[in-house]
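Only the coordinates and a few stated rules stand behind these numbers; no lab work does. Everything numeric in this text was worked out from a predicted model, so none of it was measured. Positions of Cβ are backbone-derived with ideal geometry, glycine not excepted, and every protein chain shown enters the neighbour counts.
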Amino acid sequence: MQPIRTFNVSPSLPPRLEPLRKLAYNLHWDWNVETKELFRRLDRDLWESSRHNPVLMLGTISQARLKEVAEDEGFVAQMERASMQLDDYLQERNWYRKNRNLSSGSDRATDQKECYAYFCAEFGLTDCLPIYSGGLGVLAGDHLKSASDLGLPLVAVGLLYQEGYFAQYLNADGWQQERYPINDFYNMPLHPERNPDGSELRIEVEYPGRTVYARVWRVQVGTVPLYLLDTNIEPNNSYDHDITDELYGGDLDMRIHQEMMLGIGGFRMLKALGYKPTVYHLNEGHSAFLILERIRMLMQDEGLTFAEAKQVAQASQVFTTHTPVSAGFDLFPPDKALYYVGHYAHSYGLSPEEFLALGRENTGDLASPFSMAALAMKTSSFVNGVAQLHGLVSRKMFKDLWKDLPLEEVPITAITNGVHARSCVARSTQELYDRYLGPQWSDAPADDSLWERVLSIPDEELWRNHERQRSELVVFVRERLVKQLRDRGATPGEIAQAQEVLDPTVLTIGFARRFATYKRASLFLRDKERIKKILQGDKNRRVQFVVAGKAHPKDIPGKELIRDIIHFSREEGMNVSVVFIPNYDIYVARLMVAGCDVWLNTPRRPREASGTSGMKASMNGSPNLSILDGWWDEADYVRTGWPIGHGEDYDDLNYQDDVEANALYELLEQEVVPLFYERDGYGIPRQWVAKMKDAIRLNLPFFNTSRMVRDYAVRGYFPASDRYSIMTSNNYAPAKEIASWKQRMFEHWYDIKIEEVDVSEPAGVLVNQTIGVKARINLDALTPDDVQVQLYQGAVDADGEIVNGVPVVMEHQGQDQQNCCIYTADILFTSSGLQGLSLRVLPKHENLSTPYELGLIRWA
Ligand SMILES: *Cc1c(COP(=O)(O)O)cnc(C)c1O
């Protein structure tokens, strides 16, 4: 039955408890120990049953209980402390203010008019807001939390999914089943945005043949607002209602609908809310349609040409790619792209082919699909992968966008992912760090001397604290399994067994991630007899595995991996040693990274772009045991854990699995297990604890989002925002100038002739001997101000290519009689062997983000 009227009923609180409302609606509680404790104290059972949702709790708690705590002076004092902490927190965020001043010195940067818009398809902030599927979402959520901690002027945009990502449960055979619980937005920590007259704010996006409407919800993440679009409203038709229904659900058409709403709708929403972003950060390509709308608006409102508008947009756009395989990108057939967003071609005055070229890697291939990643990459001035190795992989994948450029110069850099420390370090461990390192540890840079103090934490204290985390994990696992079995109508015998799984004193290995086949969740089962021996072969040195993770609903091989693990756990005696926790989410992840002793990861290198759960484990003091991939490849993996293999690449996957499973078993047998069980007279494994301390001391300061967001700010946002303010100054004069300059460069570039390169010392050269080089170059219609001429020198590899060459700028010395420009330089070879030398011409303009922006390069 449809209601004739709806009401938004708010919790009714005694006046004295009014601060609870403010605390509940700012997600700061998720990473503030005091506030979280306060909500738990309010009603322990309700806190658990509400999925740690304070808004739902305040809406359903009994008035009697509220009255009771309103008179409880202890509770009220704690509430006031928490409330004051929130007020202080909101006041004291000043990293941005300080560092923006220092790095720039100009007024432009400090007048607080900057705004960085951050777009992502999913946000994983806290478990009661299930609008994420995995790593990408959690990373985006942590980005917002750290942006808030640092006081960045950031505003975030996403979609509010009615059903979110699925909830996982297993049938009796261990086969994954999916449920889609409906999110009740009115009982979640978010508010609908309203117009001044009290009506709901709405935005509109045109789709073929109709307009779709969306309302706007706001989630407050510390100081950072996150705005989410929701199309589940009248008068949208039922298909359009479902645009924001399921995260990554539906077919390709639905995916385009969602991405149009995220990009185009999100852009319009910020405008409707009064934001004027100076930087747009696209976190993964899903939101790349925003660029289309942004260019159109710049043309319409500012009277710019397409080239000028693109120039402004590109100068201020940052793009982060998260995918290490081409198949991972959103690709749309050209006719679909034209059907949905082809009208932008008309407003730009472009032909359909010119328009499609914006999203094509190979613009000459008219059959090639429209790629969201290519669109984002071609319209950004700062592009990065999410770990050093992933940066390299991305440069290889996209090198065709910058033809003729040496691989190492492809302008895709890397900013390694991180995790938000205060969100994923266990409460008691945080208190331990607060006590021994000082409360600023969570944002302290790697060179801060406080990290040395990790060594002064007494071994006993660190170890006992960790053992407590392990025990809590065991209790949680048992409870969760019992509940799952009850729901499934299992026998009392089965339930009794579940109460006995795991042992709180046994070496516990954690493995939790998406069950995609390349992550090889069941690699540890490759030789069953051998792993059984490791698990239970020595009664005093047993090992146990805690496993969790979801497979995509359509990923049958992924589901088979889960079933394989379940089946193994049912083999004789194995059920106490190998446990699968259903429905992995942020909450389960936090318990696992705190309670496990070792964090295992076995991806096929280099398919793990970064991975972040291992960072969470490190922060809690757990060493990693992992293939050298993603973030781990650049960590101090000898001191903070154990590398599996040496970063080899394999062609024969079956052979690879054999070799790497064997390496894993050997490490467990010879290193991990002996180190863990080697105890002194006090029962402390001293060497193990030393490794824990190294994991904390060496990984925490770097692999966290405080460092990561500072990197994004300094390397991405500040320069992009500066470029934006240059481009828009003087009524867009610099944008117009550079757009016409680019036009001129494209027209005349191929007329450049390198007439002669004269090397003073043609054959034998000694190390450290200087040689002079002189070049004659005919620039035709271009001038020496338009170009930079460089020598490019380096060792020559077996294929006769210069690798990792170093550019040396040549000096312009004037013109000769034939109108050729003369360039000279001296070079020095500092190492012996076969060394190569080449010469190249690149475009030069003070407002280019990189000389490679145009993709023009001329080699001798
Ligand atoms: C941290 C986290 C992830 C990402 O972990 P990976 O190591 O990238 O697999 C995924 N899901 C949840 C719930 C997390 O907390």
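With +1 on each Lys and Arg Cβ and -1 on each Asp and Glu Cβ, and nothing else charged, work out how big the dipole of the chain is about its Cα centre, in Debye to the nearest 20.
1820 debye
Spin-label point model (7 Å from Cα, Cβ direction): what's the Asp780 to Glu678 distance in nm?
Here the answer is 7.0 nm between the modelled labels.
First measure r as the distance between the Cβ atoms of Glu302 and Ser471, then evaluate 1/(1 + (r/R0)^6) with R0 = 41 Å and state the FRET efficiency to the nearest 0.05.
Rounded to the nearest 0.05, the efficiency is 0.05.
Go ahead and collect, in residue order, the members of the stretch 657-693 whose backbone nitrogen is under 20 Å from a label point 7 Å along the Cα-Cβ direction of Glu648.
It comes to 657-671, nothing else.
Hey, can you rank 839-850, 159-170, 586-597 by average C-beta count inside 10 Å, highest first?
Ranked from most to least packed, the peptides come out as 586-597, 159-170, 839-850.
For a test of the definition: using alpha carbon positions, the gyration tensor, and the 1.5 limit on a/c, classify the stretch 94-414 as rounded, prolate or oblate.
Rounded, because the longest to shortest axis ratio a/c is under 1.5.
Would you mind calculating the gained length between Thr824 and Ser351 on full extension (0.36 nm times residue separation, minus the Cα-Cα distance), in nm to one decimal?
Stretched fully, the Thr824-Ser351 segment lengthens by 165.9 nm.
Which one of Leu653, Gly265, Ser368 is farthest out on the positive end of the charge dipole of the chain, using unit charges on Cβ (Lys, Arg +1; Asp, Glu -1) and the Cα centre as origin?
The residue sitting most towards the positive pole is Gly265.
According to a simple spin-label model (label point 7 Å from Cα along Cα-to-Cβ), what is the distance in nm between Arg16 and Ala860?
Those two pseudo-labels are separated by 8.5 nm.
Kindly flag which residue pairs out of Lys113/Lys145; Lys753/Lys774; Lys539/Lys616; Lys22/Lys67 have an alpha-carbon separation exceeding 23 Å in this structure.
Beyond 23 Å: Lys539/Lys616.
Considering only DSSP beta bridges where both residues belong to the chain, give the percentage that are antiparallel (nearest 5).
Restricted to the chain, the bridges split so that about 55 percent are antiparallel.
Pairing the Cα long axis of helix 95-104 with the longest principal axis of the chain, what angle in degrees results, from 0 to 90 and rounded to the nearest 10?
10 degrees
For the chain, what's the relative contact order in percent, using C-alpha pairs closer than 8 Å and at least 6 residues apart?
10 percent
Tell me the net charge near Lys378. Cut-off is 11 Å between Cβ atoms, Lys378 excluded, with +1 for each Lys or Arg and -1 for each Asp or Glu.
0
What's the FRET efficiency of Val803 with Tyr275 using the Cβ-Cβ distance as r and R₀ = 41 Å, to the nearest 0.05?
0.35
From the Cα gyration tensor of the stretch 505-700, with a ≥ b ≥ c the square roots of its eigenvalues, which class applies: rounded if a/c is under 1.5, or else prolate if a/b is larger than b/c, or else oblate?
Taking the square roots of the gyration eigenvalues as a ≥ b ≥ c, the stretch 505-700 is rounded.
Based solely on C-alpha atoms, express the radius of gyration and the Dmax of the stretch 15-91 in angstrom.
Spelled out, the Cα radius of gyration and Dmax of the stretch 15-91 are 11.5, 35 Å.
Add +1 for every Lys or Arg and -1 for every Asp or Glu among the other residues with Cβ under 11 Å from the Cβ of Val543, and state the total.
Neighbourhood net charge equals 0.
For the stretch 637-753, rounded, prolate or oblate, judged on the Cα gyration tensor with a ≥ b ≥ c (square roots of eigenvalues), a/c < 1.5 rounded, else prolate if a/b > b/c?
oblate
In the stretch 776-860, which chymotrypsin sites (Phe, Trp or Tyr not before Pro) are in a loop and have at most 11 other Cβ atoms within 10 Å, using DSSP for the loop call?
Of the chymotrypsin sites (Phe, Trp or Tyr not before Pro), not one in the loops of the stretch 776-860 has a Cβ with at most 11 other Cβ atoms within 10 Å.
Sum up the charges of everything whose Cβ sits under 11 Å from the Cβ of Pro130, counting Lys and Arg as +1 and Asp and Glu as -1, but leave Pro130 out.
Combined, the nearby Lys, Arg, Asp and Glu give -3.
Just from the alpha-carbon atoms, what are the Rg and Dmax of the chain in angstroms?
Spelled out, the Cα radius of gyration and Dmax of the chain are 29.1, 99 Å.
Do the sum for the chain: with -39,500 (n - 2.57) for every DSSP H run of n ≥ 4, divided by all residues, what is the mean residue ellipticity at 222 nm, to the nearest 500 deg cm²/dmol?
Calculated at 222 nm, the ellipticity per residue is -11000 deg cm²/dmol.
What FRET efficiency, computed as 1/(1 + (r/R0)^6) with R0 = 60 Å and r the Cβ-Cβ distance, is obtained for Ile4 and Asn540, rounded to the nearest 0.05?
0.30
Stretched out fully, how many nm does the piece from Tyr180 to Phe746 gain, at 0.36 nm a residue minus the Cα gap?
Separation in residues times 0.36 nm, less the Cα-Cα distance, equals 198.5 nm.
Which parts of the stretch 166-183 would a label at Thr491 reach, counting a residue when its backbone N lies under 17 Å from a point 7 Å out along Cα-to-Cβ?
172-174
Given labels modelled 7 Å from the Cα in the Cβ direction, how far is it in nm from Glu452 to Asp173?
6.2 nm
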